[in-house]
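This report concerns only the one structure given below.
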Amino acid sequence: MLGILKALQTTLKAALRRPVTVQYPTEKKVLPHRSRGLPVLLWDFDINEPFCTGCQVCARYCPVDCMTVTMKDNPNYAAGKSKRKKIVDRFYIDYARCMRCDICVEVCNFDAIVMNNTWEGVELSRYDRQELVMDLPALLRQSKSGELETPFREPMGVAHSGWAPKMDEEEAAAAEAASATRHHGTSPDAPTSPEQPTDPTAEGEAEKEGGEG
Amino acid sequence: MFLAFVSDNPWLEAMARLGIIALLVPVGVIMLTWVERKVIGRLQMRLGPMRVGPYGLLQGFADTIKLLTKEDVRPDTADRWTFELAPFVIVVPVIMALVALPFTADLFVSNLTLGLFYIVAVSGLSIVGFVMAGWGSDNKYALLGAVRAAAQLISYEIPLVMAVLAVAMLPQSLNLAEIVTGQEDTPNIAYQSLAFLIFAISGTAELYRPPFDIPVAESEVVGGPTVEYSGIRWSMFQLGEFVSMVIISILGSLIFLGGWQWPWSMFDQSVPVAGQVVTMLAKTSLFIFFFMWVRVSLPRLRIDQMMSFCWQLLLPFAFLQIIINGLVLVYDWPNETLVLLSGAAAAGALYLTYRAARMSGVRYQPGYQQVGSVL
Amino acid sequence: MILTIDGELVVDVDPVIGYMHRGNEKLPENCDYRQVIGYHDRTDYLAQFNTEHCYVEAVERLAGIKAPERAEYIRVILAEMNRIASHLMFFGAFGTDIGLFGTSFMYAFRDRETIQDFFEEITGERMMYNYFRPGGVAWDLPDNFHERCTQVLAAVKLGIDQLDGLMMENEVVLARCRGLSQVTQEDGINWGLSGPMLRATGLKHDLRRAEPYSIYDRFEFDIPTGRQGDVYDRLVVRLEEMRQSVRIVEQALEEMPEGPIMAEGLKRVLRVPAGETYMRVESPRGEYGVYLVSQGSDKPWRHKVRGASFSNLSALRAMSVGNYVSDVIIILGSIDIVLCEVDR
């Protein structure tokens, strides 16, 4: 009998705890900074073109072959505005196939693809499965409109993948300095300790854009 | 009272009272489903229904509308009249039992002298409905479930009736209003704790609530007696279950908790109707909360464990309570001895339940070790 | 599952498996070593860090890589928290099996969600983490890891006590589960049981002690065992394992050093020298093993997965013949199978 009384007591005490329900979709929980949605492409605001050059490394490393990428000659390069010789022509990701493994983000040499850490990256109900195949404008949309301000960029240093893109000396020095001071994987919302920059992702992006520009 | 304008003609008065019950009962049951979902949700650390209406208040109405508009399916080979009449045979006796229940001193349909006897007799008719549902479904598993349901209902009817009769022995009347007025100083729960325990447990079993819900939860596992029903017929089963829950709760608060007049009668106050209604509501909700609380906390018993619990534990103790009451009445002992005797017997019943549960399920095998604490 | 019954007694049980088969062993033969990690997440979808741990340790053994200290500590912390999450899921599902109206499910999942949110802050995913890599882990932990981990542990301890109070001493649970399908120690070994099912029979066999891998030999923890091997003993063993996992995580949190999280000098494309190895870990279900054969290329030649649930499920017939039908459901629930491990 005592066990039953204890079970009853446990249930009653549980009624005094706060309910855990988050009433989606009127309330949504705050997604952490590193939350992995589905991949999206990033837009380079300095030059007004995507970062992606269409090199197909991500498509090759994708375990489920969900990406199709083609490249073309970059008209901005011919006009002297950009350092990218080739630019992405067409880019299709089949969101229905993507398993969100993050390998495409890891292997990208140009930091052009990133996992969407907003709610739009996970709210993907469609009536027709064909609508889940995302083309280039759909993939660039969130970054272009500025919604994707703080994507999670994990470090792509030499120690990690054994390869780094060719950079000239000032770029290399700047990247060294950045990786020395930057604490890898910091969330901009986390409590910062005194010796760290407050928004390392923005600083890293600024470094990169300053280096490439 | 408020029905003064029709009080001349007894037929019209009866119709008016019945009409009030007919209106209030469905709405009450619908709100009760909302209450159950909310209470169970809170006990499980979650909100209940929140979307339909403010705080989900209209959830029951939405469910009812959905059930009423569903297609009324009947298996082709089912026995037509048995199948279609079964829900009615379950619901009608239950509502008939409402006729004899006094909600307050004046709010009742008919205050029968044999009120308790009538209620007990009428609520036993539902068993036929379950067997009809199982047989008429032309489904092996429905029949199996129905036979088990009938077995459980018949078995647990006996301790329930014994407990209730034991309580009726004290005021020596079966009239519910007299039983309530007999509890002016102390409610019967103090004198008849064993009967209260047996009443609560048998009541849970009568209602097919967990932990005694294996016949109806067989819908998850095999089939229950209600497996072939849909739409309005299924909603009648639910109606029957919830109205029975209300009846047992009201019965319990009348005969054990002192009805509408305790604790006010201790101070010799006479309470207006509204106060009586509030008191009865409060006591009834205690019972209803108890049923929902137990539902959330205890898993279900196996059918043979349930049967052995009834016949080997509840029934002897129910007889014991009657014998104790009889002794007190015959030898004219003061009522306070009942507190001791009944309390001791209740403690004995609880201890035996504890022992049975701790030792049960252990099948003696060669090499088996003594059960105890495992670590 | 095809049950042959005689009235209420079960005469024969025949589990029909194979409906979840997805080629978990063949498809990795076309994937390089980093892409295979995702397959392990999906093999045992409740204990993903444990399966990933097994696989990356197997690759590291073959390739001769040693993961740095910090990576090892991170792996142990995450694997143990995943063990807690898996056992919580077991309690939730088991409570529903025996008839608790979803209560244990809600209690267990409240804390499981806490752990999953915590994992989301680290890796980005709530279930399929793909976080361990041969040579270390993918990226470093966030700054507030210590505080968050302590918070999560406090919530989990409260949740374990709540489940304990709800189910462990409940007389109805005892009446249903005590003495059901008792398994002796010899039978446990003969039938190939492992994990909590074997420990419930009384044998103190835990791969973290018997063949310590990673850094488990540095931590102090007890191995809970049962006495009769019945369903109730399995419940108790899993509950106590959760408490021991909390202990391990607390110790690891204190000792975790700073440092690199990836081994030095790794090439971009990992080519593993020819060889074969069998690596096994103690997953929440039992012994999870990966047999890896490499022929020197960047893709595995043969990748075999030994799923614990497959071997545990094969004992279902011996355990349930002679019991009632409603008991067979409880026995099946107590084995704690994950279908993807059974069918791969």
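Of the residues that sit in the range C:149-163 and are within 11 Å of another protein chain (Cβ to nearest Cβ) and buried (at least 19 other Cβ atoms within 10 Å of the Cβ), which one is farthest from the chain's Cα centre (by Cα)? Steps first, answer last, please.
So the first thing to find is which residues in the range C:149-163 are within 11 Å of another protein chain (Cβ to nearest Cβ), and the list is C:155, C:158-159, C:161-163.
Filter once more, so that each one left must be buried (at least 19 other Cβ atoms within 10 Å of the Cβ): C:159, C:162-163.
Details: C:Gly159: 19, C:Gln162: 22, C:Leu163: 19 Å.
The residue in question is C:Gln162.
Once the range C:1-38 is narrowed to residues that are free of Cβ contacts under 8 Å to residues at least 12 places away in the same chain and more than 30 Å from A:Cys62 (Cβ to Cβ), the residue that is surrounded by the most Cβ atoms within 10 Å (Cβ to Cβ) is C:Thr4.
Looking only at the range A:112-128, count how many residues are closer than 14 Å to A:Tyr92 by Cβ and among the basic types (Lys, Arg). Residues meeting the conditions: 0. Where residues in the range A:103-152 are in a loop (DSSP other than H, G, I, E, B), modelled with pLDDT of 85 or more and surrounded by 21 or more Cβ atoms within 10 Å (Cβ to Cβ), which of them is nearest to the chain's Cα centre (by Cα)? Checking each candidate, the answer is A:Asn116.
How many of the residues making up the range B:100-129 are touching a residue at least 24 places away in the same chain (Cβ under 8 Å) and part of a helix (DSSP H, G or I)?
11
Screening the candidates C:Thr201, C:Thr184 for the property of being buried (at least 24 other Cβ atoms within 10 Å of the Cβ) and hydroxyl-bearing (Ser, Thr, Tyr) yields one hit, C:Thr201. Filtering the range B:134-152 to residues that are buried (at least 24 other Cβ atoms within 10 Å of the Cβ) and assigned to a helix (DSSP H, G or I) leaves B:Gly134, B:Gly136, B:Ala142, B:Gly145, B:Ala146, B:Ala149, B:Gln152. Regarding B:Arg37, is this residue free of Cβ contacts under 8 Å to residues at least 60 places away in the same chain, within 14 Å of another protein chain (Cβ to nearest Cβ) and surrounded by 15 or more Cβ atoms within 10 Å (Cβ to Cβ)? When the stated conditions are applied, B:Arg37 passes them.
Look through the range A:79-95, keep the residues that are in contact with a Leu (Cβ under 9 Å, 6 or more places away or on another chain) and surrounded by 15 or more Cβ atoms within 10 Å (Cβ to Cβ), and return whichever of them is farthest from the other protein chains (Cβ to nearest Cβ). Checking each candidate, the answer is A:Val88. Candidates B:Leu18, B:Leu68, B:Leu101: the one that is of a type in the set (A, V, I, L, M) and crowded, with 17+ Cβ neighbours inside 10 Å is B:Leu101.
Remark: C:Ser320 falls outside the filter, which requires a residue to be surrounded by 17 or more Cβ atoms within 10 Å (Cβ to Cβ), over 25 Å from C:Gly136 (Cβ atoms) and without any contact (Cβ under 8 Å) to a residue 12 or more places away in the chain. Scanning the range A:1-22 for residues that are assigned to a helix (DSSP H, G or I) and either surrounded by fewer than 16 Cβ atoms within 10 Å (Cβ to Cβ) or touching a Cys at 6+ places or on another chain (Cβ under 9 Å) (or both) turns up A:Leu2, A:Leu5, A:Gln9, A:Leu12, A:Lys13.
Inspection of the range C:221-243 identifies at least one residue that is modelled with pLDDT under 90 and polar (S, T, N, Q).
Counting only helices (runs of 4 or more DSSP H) that sit completely within the range B:269-339, those holding 1 or more residues that are closer than 27 Å to C:Asp97 by Cβ correspond to B:273-297, B:303-309.
Of all residues in the range C:315-330, those satisfying the criterion of being in contact with a helix residue (DSSP H, G or I) (Cβ under 9 Å, 6 or more places away or on another chain) and closer than 30 Å to C:Tyr278 by Cβ are C:Ala315, C:Leu316, C:Ala318, C:Met319.
Close contacts from the range B:269-297, counting a first residue that is within 30 Å of B:Met45 (Cα to Cα) and a second that is of a type in the set (Gly, Ala, Ser), with Cβ to Cβ under 6 Å and a gap of 6+ residues or different chains, come to B:Lys283/B:Ser253; B:Thr284/B:Ser249; B:Thr284/B:Ser253; B:Phe287/B:Ser249; B:Phe287/B:Gly252; B:Ile288/B:Ser249; B:Ser297/A:Ala7. A count restricted to the range A:27-50 and to residues that are modelled with pLDDT of 85 or more and among the β-branched types (Val, Ile, Thr) stands at 2. For the range B:293-324, what are the residues that are surrounded by fewer than 18 Cβ atoms within 10 Å (Cβ to Cβ), touching a Ser or Thr at 6+ places or on another chain (Cβ under 9 Å) and aliphatic (A, V, I, L, M)? Across the range B:293-324, the qualifying residues are B:Met307, B:Leu313.
Here C:Asp143 clears all of (1) away from chain B (no Cβ under 14 Å); (2) surrounded by 20 or more Cβ atoms within 10 Å (Cβ to Cβ); (3) farther than 26 Å from C:Tyr288 by Cβ except the condition numbered (2).
Exactly one residue out of A:Met71, A:Met1, A:Met99, A:Met115 is of a type outside the set (Lys, Arg), within 11 Å of chain C (Cβ to nearest Cβ) and over 25 Å from C:Val36 (Cβ atoms): that is A:Met1.
Take C:Glu80 and decide whether it is assigned to a helix (DSSP H, G or I) and surrounded by fewer than 23 Cβ atoms within 10 Å (Cβ to Cβ). For C:Glu80, the condition - assigned to a helix (DSSP H, G or I) and surrounded by fewer than 23 Cβ atoms within 10 Å (Cβ to Cβ) - is not met.
Checked across the range C:244-263, the condition of being in contact with a helix residue (DSSP H, G or I) (Cβ under 7 Å, 6 or more places away or on another chain) and free of Cβ contacts under 8 Å to residues at least 24 places away in the same chain holds for no residue.
Go through the residues of the range C:84-95 one by one and say whether even a single one is of a type in the set (Phe, Trp, Tyr), touching a residue at least 60 places away in the same chain (Cβ under 8 Å) and more than 14 Å from chain B (Cβ to nearest Cβ). The answer is yes, given that some residue of the range C:84-95 is of a type in the set (Phe, Trp, Tyr), touching a residue at least 60 places away in the same chain (Cβ under 8 Å) and more than 14 Å from chain B (Cβ to nearest Cβ). If we scan the range C:219-238, do we find a residue that is at negative phi and surrounded by fewer than 16 Cβ atoms within 10 Å (Cβ to Cβ)? Within the range C:219-238 (the criterion being at negative phi and surrounded by fewer than 16 Cβ atoms within 10 Å (Cβ to Cβ)), the answer is yes, since at least one residue qualifies. Does C:Leu166 satisfy the criteria of being assigned to a loop (DSSP other than H, G, I, E, B), over 24 Å from C:Val281 (Cα atoms), within 12 Å of chain B (Cβ to nearest Cβ) and at pLDDT below 90? Judged against the criteria, C:Leu166 is not a match. Scanning the range B:153-188 for residues being crowded, with 24+ Cβ neighbours inside 10 Å and among the hydroxyl-bearing types (Ser, Thr, Tyr) gives a total of 1. Could we say that A:Pro39 is more than 30 Å from A:Lys81 (Cβ to Cβ) and either touching a residue at least 12 places away in the same chain (Cβ under 8 Å) or more than 9 Å from chain C (Cβ to nearest Cβ) (or both) here? When the stated conditions are applied, A:Pro39 does not pass them.
The values are calculated or read from the model by the stated rules, or taken from the named source; none is laboratory data. No experiment lies behind these values; they were computed from the predicted model shown. Here Cβ is always computed from backbone atoms with ideal geometry, including for glycine, and neighbour counts include all displayed protein chains.
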